[in-house]
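Have a look at the structure below, then the notes.
The values are calculated or read from the model by the stated rules, or taken from the named source; none is laboratory data. None of these values were measured; they are calculated from a predicted model. In this analysis, Cβ positions are derived from the backbone assuming ideal geometry, glycine residues included, and neighbour counts consider all displayed protein chains.
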Amino acid sequence: MCVLLDAQPFLDDPVNQRLIREIALDYDSVHRTLVFVSSTVRLTPDLQRMSATFRLLLPEAGALYNKFHGETERNLRDALETAEAMAPCVLWLDEIEKGLSTSGDSSDGGVSRRVLGTLLTWMSDRKSRVFMVATANDISRLPPELMRKGRFDEIFFVDLPTEDVRAEIFRIHLSKRAQDPAQFDLATLARIAVGFSGAEIEQVVIAGLYEAHANSAPLSTGVLENEIRITRPLSVVRAEEVEELREWAAERTVMAD
């Protein structure tokens with residue numbers, strides 16, 4: 001059995017859907033079950049046939065922290081024991097840098113360092129079949145001891161979506177909001193939304209729906225085009241940082257697409 005935790009943002013990307021489909025087919029070939037743990041995930045029909053869906057109450061990274069000495073580390077150990085009890089499984093840590101980044105100062109009394117030490121010890125000593133996968137938006141905030149070979153087998157870089165992928169993301173978010181994608185010029189929307197992330201495309205659709213409602217008119221390609229033109233994505237607002245990250249990843253990571 002494979003368990004993917006907190007997968008909804010990840011599965012919004014068609015590239016990641018294809019990756020998970022490959023994993024699913026591999027598990028299905030040996031008569032195992034792929035389980036997605038999130039009531040908000042919308043699976044493609046072929047994945048639905050192979051999957052069960054339920055909600056598992058594991059804490060968010062921020063919820064692990066406690067004001068009492070030693071409680072934060074204990075909360076992390078309890079969460080890891082829960083994952084081990086479900087083995088074999090995949091443990092998904094979303095935006096890991098927000099829960100484990102360390103800046104070198106002691107403003108938190110050393111809690112971040114102790115949490116990191118607890119996780120590193122578990123990663124080194126565990127005998128259970130828990131396969132850990134993590135995402136990070138700012139890998140520079142992660143301590144080097146977490147990134148060395150032996151902790152994670154590989155580092156993949158997921159760049160901003162290509163034009164074909166952007167069209168598919170528009171289709172997904174329009175469908176989720178009871179809009180018929182066939183009524184929209186997805187190719188044009190994808191072409192002018194260059195540099196937009198999946199989350200920013202979703203906000204374009206949401207903002208377009210608000211604008212259409214305010215004007216008592218249906219959502220149209222023109223409304224979405226206008227929202228795209230007045231939106232400044234992070235690839236523009238933080239262009240230097242995005243380009244710096246791409247240059248860093250080009251020599252140090254495996255390109256995911």
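Scanning region 144-170 for residues that are in a loop (DSSP other than H, G, I, E, B), more than 25 Å from Ser235 (Cα to Cα) and not acidic (Asp, Glu) turns up Arg148, Gly150, Arg151.
All conditions in (1) of a type in the set (D, E, K, R); (2) under 17 Å from the mean Cα position of the chain (by Cα); (3) in the same structural domain as Leu224 (by TED's automatic domain parsing) hold for Asp138, with the sole exception of (3). Taking first residues from region 77-97 that are not assigned by TED's automatic domain parsing to the domain that holds Arg129 and in a strand (DSSP E or B) and partners that are hydrophobic (A, V, I, L, M, F, W, C) and surrounded by fewer than 18 Cβ atoms within 10 Å (Cβ to Cβ), no Cβ contact under 9 Å between residues at least 6 apart in sequence or on separate chains turns up. Looking at region 203-215, can you tell me whether even one residue there is closer than 23 Å to Asn137 by Cα and touching a Ser or Thr at 6+ places or on another chain (Cβ under 8 Å)? Within region 203-215, one or more residues are closer than 23 Å to Asn137 by Cα and touching a Ser or Thr at 6+ places or on another chain (Cβ under 8 Å).
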